[in-house]
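What follows is a short report on a single structure.
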Amino acid sequence: LWRPICESRTCETAGVEAHWCTCLDWKNAMETPEEKELSEKVTLAIVEAFNEETKAERKICAELKLKSIEYAKKLVPNDNVLAYKNVKDKDGFVPDLTGHTKAAFAHYQVKFDTTPGGAIYEATVLYDMKKNSVEMDLRSVSHVNKYGDKPHCIIDRNYFLATYCVCYDKIEESG
């Protein structure tokens, strides 16, 4: 409680998960054509990561393609955080909100379906706006609908890949 606080402290350095950080706001990431395009780019990067994981098993696991995006939200610094420049008084209680800081990153939460197999996934990834890159932890991706025996061909070989694998003999049944 009495230790000094770094002036550049963020939710991350304070140990606060991005989802609970009050400096960040969830916003619809599908409102404008530009946002839709970026959300699709982020989602395609996730599907590409799935395919990269199953690449060594391509003889038994079909390559996935993005079918549709059900929703996309982005977690970005709220407007007051971006407008903060300094303080106007010596006590630090009156903020100077004339700054024009641009966000450098956003967490994207997307829900989407893939084909073949009709899998529905939810994933949260970090999009770095400066690097134009997507960072993700595939272990945190959720396959939210049941996949039954569609990945039967990989279960005994690599259980982790079952989340992203649709065996070729199950494609006709699943559409």
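The table for this structure:
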read-out: Extension gain (nm, one decimal) between residue 68 and residue 44, 0.36 nm per residue minus Cα-Cα; value: 7.6 nm
read-out: Inter-label distance, nm, simple model (7 Å from Cα along the C-beta direction), residue 129/residue 152; value: 4.9 nm
read-out: Calculated FRET efficiency for the pair residue 169/residue 28, C-beta based, R₀ 45 Å, to 0.05; value: 0.70
read-out: Cα-Cα over 22 Å, subset of 27/146; 36/67; 41/146; 65/150; value: 27/146; 41/146
read-out: Residue 119 long-range amide H proximity, modeled H, under 5 Å; value: 114
read-out: Estimated inter-spin distance, residue 52 and residue 35, nm [label 7 Å along Cα→Cβ]; value: 2.8 nm
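Coordinate-derived values only; no laboratory data. It should be emphasised that the depicted structure is a prediction, and the values quoted were computed from it without experimental measurement. We place every Cβ from the backbone using ideal geometry, glycine too, and count neighbours over all the protein chains shown.
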